[in-house]
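Structure record follows, encoded as structure tokens.
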Amino acid sequence: MLPESPYQQLLHSALEERGARIALNAPLRASWAIRLGGQIDVVHLHWLEYLVGSNDRETLKPARMIVRGLRLLATLALLRARGVRVVWTVHNLTPHDALLPKLDLALARACARLSNRLVVHSRYAASSVALAYGARDAIVAYHGNFVDYYPAAAATREQVRSRLGIPVDAHVFLAFGQVRAYKRLPELVQAVRGLPRDDVRLLVAGRPIPAAAGEAIAAAADGDPRIVLRLEHIADGEVAALHEASDVAVMPNREVFSSGALLLALSLGVPVIARTPSTAGELAPPPAVQPYGPGALSEALLASMELDRATTRAAALRAAADYPWDRTARAVLEAYGVTGRP
């Protein structure tokens, strides 16, 4: 059984406050659809890769994925036939670092056709979904913030920096979250190493998936003392502290389609440098989100050093406050075909 992600926990709480009743981890099988189809109103899908196993590098085989995918699609068709509404939140067009991208895309397109409504986290994502899937009626339910979700930092900014070996007066760039190839972190490392400044640090914090992703980061850092690596799972109690020790979060992804890391940074008062056009630029203006175009990452890093931290922190917190979970829940309930409690 899969645990709820922070995103799901917060969304489900907001939905329940509006009167929805949530059942987790339903076994999407034909027998279940036949047995319980009349007792549920909506099946809400999130990450398809967890349903068909396309994220499992150790056991992934095309034939197995095809069988699981066909079983999922048949179950969705049966649910639709029995009057159950199917809603799918598209978190990514295809799984990150997809091993079988053509199969993943074919499954996504079929799932989109079988869904009553798609949910996305930005107008940018809606346009991308329309282009990739041919689905033009996606509902935009902006990703909610993480204000007060993680415990407050138990140490001061200076104490956290001291523990990490970071000078008190350094300008700290943060790359937070799972270390994965699609985030292009080795390129970020090289960009920081190329800055003509000794008073900068790049803090990379998160568990590598797979382990080779961490090895690539370490190789790119090549012992540069300006690169600080915490290549491990970050406990909830450390999340706020690492952000408090940082000046700006950097997302060098080629595309920001939908990112919890972006809302997390803003929620903790850390502005974000991110590629545009993308979802990032839609969520907040500068200086909360500091955009850059292709080939301009180094310039964006240097420009961020000229900004006042108190000003950017206040802008980040204001931007996060614009995305309460009740707003997200109301849009999701619209996708469900209901309005919920006022």
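Annotation: segment 272-342 has a Kirkwood hydrodynamic radius of 14.1 angstrom, from the mean reciprocal C-alpha pair distance. Normalised radius of gyration (Cα atoms, divided by 2.2 N^0.38 Å) for segment 163-225: 1.10.
Shown for the chain are the DSSP H helices of 27 Å or more along their axis, judged by Cα atoms, with a mean Kyte-Doolittle hydropathy of at least -0.5: 62-81. What fraction of the Cα pairs in the chain, stated in percent, has a spacing above 34 angstrom? Everything past 34 Å amounts to 28 percent. The residues of segment 1-133 present an accessible area of 52 Å² per residue when probed at 1.4 Å with all protein chains retained. Taking label positions 7 Å along the Cα-Cβ direction at both Ala77 and Ala310, the computed distance is 6.4 nm, reported to one decimal.
Carbon and sulfur together cover what percent of the accessible area of the chain at a 1.4 Å probe radius?
Answer for the chain is 53 percent, counting heavy atoms of protein chains only.
Taking amide H atoms as placed 1.01 Å from N in the peptide plane, the amide H of Leu45 lies under 5 Å from those of Val87, Trp88, Thr89, each 5 or more residues away in sequence or on another chain. Accessible area per residue was computed with a 1.4 Å probe on protein heavy atoms; Val239 scores about 0 Å².
For the chain, averaging the sequence separation of C-alpha pairs within contact (under 8 Å, six or more residues apart) and dividing by the residue count gives a relative contact order of 18 percent.
Solvent-accessible surface (1.4 Å probe) assigned to Met251 amounts to roughly 20 Å². Taking Lys and Arg as +1 and Asp and Glu as -1, the other residues whose beta-carbon sits under 15 Å from that of Glu232 total +1. Summing charges over all other residues whose Cβ lies under 13 Å from the Cβ of Ile22, with Lys and Arg as +1 and Asp and Glu as -1, gives -2.
Keeping all protein chains in place, calculate the accessible area per residue for segment 196-309 (probe 1.4 angstrom), answer in Å².
I get 38 Å² per residue for this part.
The values are calculated or read from the model by the stated rules, or taken from the named source; none is laboratory data. Because the structure is a prediction, the values reported are computed rather than measured. Neighbour counts are summed over all protein chains in view; Cβ atoms, including those assigned to glycine, are modelled from backbone coordinates with ideal geometry. For the accessible areas, the whole protein counts, side chains as well, though only heavy atoms, and no ligand, DNA or RNA atoms are used. Shrake-Rupley method; radii C 1.70, N 1.55, O 1.52, S 1.80 Å.
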